[in-house]
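In what follows, a structure is listed as structure tokens, so that the remarks can point back to it.
The values are calculated or read from the model by the stated rules, or taken from the named source; none is laboratory data. Not measured: the values here are computed from a predicted model. Methodologically, a virtual Cβ is constructed for each residue, glycine included, from the backbone with ideal geometry; neighbour enumeration extends over all protein chains shown. Heavy atoms of the whole protein, side chains included, go into the accessibility calculation; ligands, DNA and RNA do not. Shrake-Rupley method; radii C 1.70, N 1.55, O 1.52, S 1.80 Å.
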Amino acid sequence: NILETALRSTVMLSLLGFLLGATGDINKTIGKAIKGEDALITGGIFRFFRHPNYTGEVIGWVSSCLAGFLAVVLKTVSSTGGGLALWKSMAPYLLLSVMGATGISFVLATATTGLEFRQKEKYGDTDEYKEWIEKSWVGFRMTPKAKEEADEESESGDN
């Protein structure tokens, strides 16, 4: 059944998202213990994701929310009647799930944006940093404000 496959896939994606986040935290902890607290960590999972812990959590929470909706759809389709009653009874929980996933995604995207700014200030002149941002994915972040974009362009000479 396609709905069962979709539900299983979103649950697996949720687990993989949280695993990505945990892997990022472990990778960073070990890297900082070896290289020092001020070190820029660009190896391991950070080779691919600049913020694997934030990225993984967004993937995990959004996938978990989607899995909740798919579970209700699957139950509605497989039950004989009573589908509307199920949706009515689950609506508050689904709404809270959407609010939670949206809220945590906003918080994590804002944190990513702030961390990007701080890392650029601290490591922006190093070759390691420049190579890293070229080859890794930033993840989910807030779009910089127009003034910040103009400041970045004037700093880089792209006028």
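So which residues in region 39-60 are of a type outside the set (S, T, Y) and touching a residue at least 60 places away in the same chain (Cβ under 8 Å)?
L40, F46, R47, F48, F49, R50, H51, P52, V58, listed by residue number.
How about region 50-84: which of its residues are crowded, with 19+ Cβ neighbours inside 10 Å and either touching a His at 6+ places or on another chain (Cβ under 9 Å) or not in a helix (DSSP H, G or I) (or both)?
Passing the criteria: R50, H51.
Quick check on region 1-37: of everything there that is of a type in the set (D, E) and touching a residue at least 24 places away in the same chain (Cβ under 8 Å), which residue is surrounded by the fewest Cβ atoms within 10 Å (Cβ to Cβ)?
Looking at residues that are of a type in the set (D, E) and touching a residue at least 24 places away in the same chain (Cβ under 8 Å), I get E4.
With of a type in the set (A, V, I, L, M, F, W, C), touching a residue at least 40 places away in the same chain (Cβ under 8 Å) and open to solvent by less than 30 Å² (accessible area, probe 1.4 Å) as the only criterion, which of L108, L115 stands out?
The match here is L108.
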